[in-house]
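So the structure is just underneath, and the comments pick up after that.
The values are calculated or read from the model by the stated rules, or taken from the named source; none is laboratory data. On a predicted model such as this, the values are computed, not experimentally measured, just so you know. FYI the Cβ positions are ideal-geometry reconstructions off the backbone, even for glycines, and counts take in every protein chain you see. Please note that ligands, DNA and RNA were not included when accessible areas were found on the heavy atoms of the full protein model with its side chains. Shrake-Rupley method; radii C 1.70, N 1.55, O 1.52, S 1.80 Å.
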Amino acid sequence: MAAMASWRDALPPSAAHDAVDALNARPAFTALVYPNIPQANFNATMPPTFLLVGEKDSVAIGDAVPELFLQLKHAGIPAEMHVLGGLGHGFGIRETSPPHLAIWPMLFVNWLDDRGFLKPLSSRN
């Protein structure tokens, strides 16, 4: 769903009822963690994308995420990809996670910060 919301044309409805309806609904960024990836036509207006997958995820996901990274790159969409070794699908966040897995939320926070998404709206470029 996150990928679809990010990559679909996000035109406002033709019959806007109020100011909110007239806003572009495309998110400012996309974070896809072991995603099922829909077909899309990529263009540089799409939001920056953070990708995360386990090395041992299914072929449909594990092979698709690196391919997606390259498609985003070639379309001019800023993207960052992380492949966590030895992990399959559904690794999530747990208190018992080994250090190499437990670091992924910080990788995401660092990516958000580097892109300026953690700054107040008034100070963003």
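Against the definition (over 25 Å from residue 99 (Cα atoms), out of contact with any strand residue (DSSP E or B) (no Cβ under 9 Å at 6 or more places or on another chain) and either at pLDDT 85 or above or open to solvent by 40 Å² or more (accessible area, probe 1.4 Å) (or both)), how does residue 5 come out, yes or no? Spelling it out, it is not the case that residue 5 is over 25 Å from residue 99 (Cα atoms), out of contact with any strand residue (DSSP E or B) (no Cβ under 9 Å at 6 or more places or on another chain) and either at pLDDT 85 or above or open to solvent by 40 Å² or more (accessible area, probe 1.4 Å) (or both).
Within segment 76-96, residues that are small (Gly, Ala, Ser) sit with their Cβ atoms under 8 Å from residues that are open to solvent by 60 Å² or more (accessible area, probe 1.4 Å) and modelled with pLDDT of 90 or more, at 6+ positions apart or across chains, in these pairs: 79/73; 85/55; 86/55; 86/56; 88/56. Selection over segment 45-73 of residues that are open to solvent by 20 Å² or more (accessible area, probe 1.4 Å), out of contact with any Pro (no Cβ under 7 Å at 6 or more places or on another chain) and closer than 21 Å to residue 113 by Cα gives a count of 3. Hey, could you check segment 95-118 for residues that are at pLDDT below 90 and among the polar types (S, T, N, Q) and say which is most open to solvent (accessible area, probe 1.4 Å)? Only one residue fits best here, namely 96. Put simply, of 118, 101 the only residue that is closer than 25 Å to residue 28 by Cα and among the hydrophobic types (A, V, I, L, M, F, W, C) is 118.
Residues that are aliphatic (A, V, I, L, M) and buried (at least 18 other Cβ atoms within 10 Å of the Cβ) were ranked within segment 80-94; the one that is modelled with the lowest pLDDT is 87.
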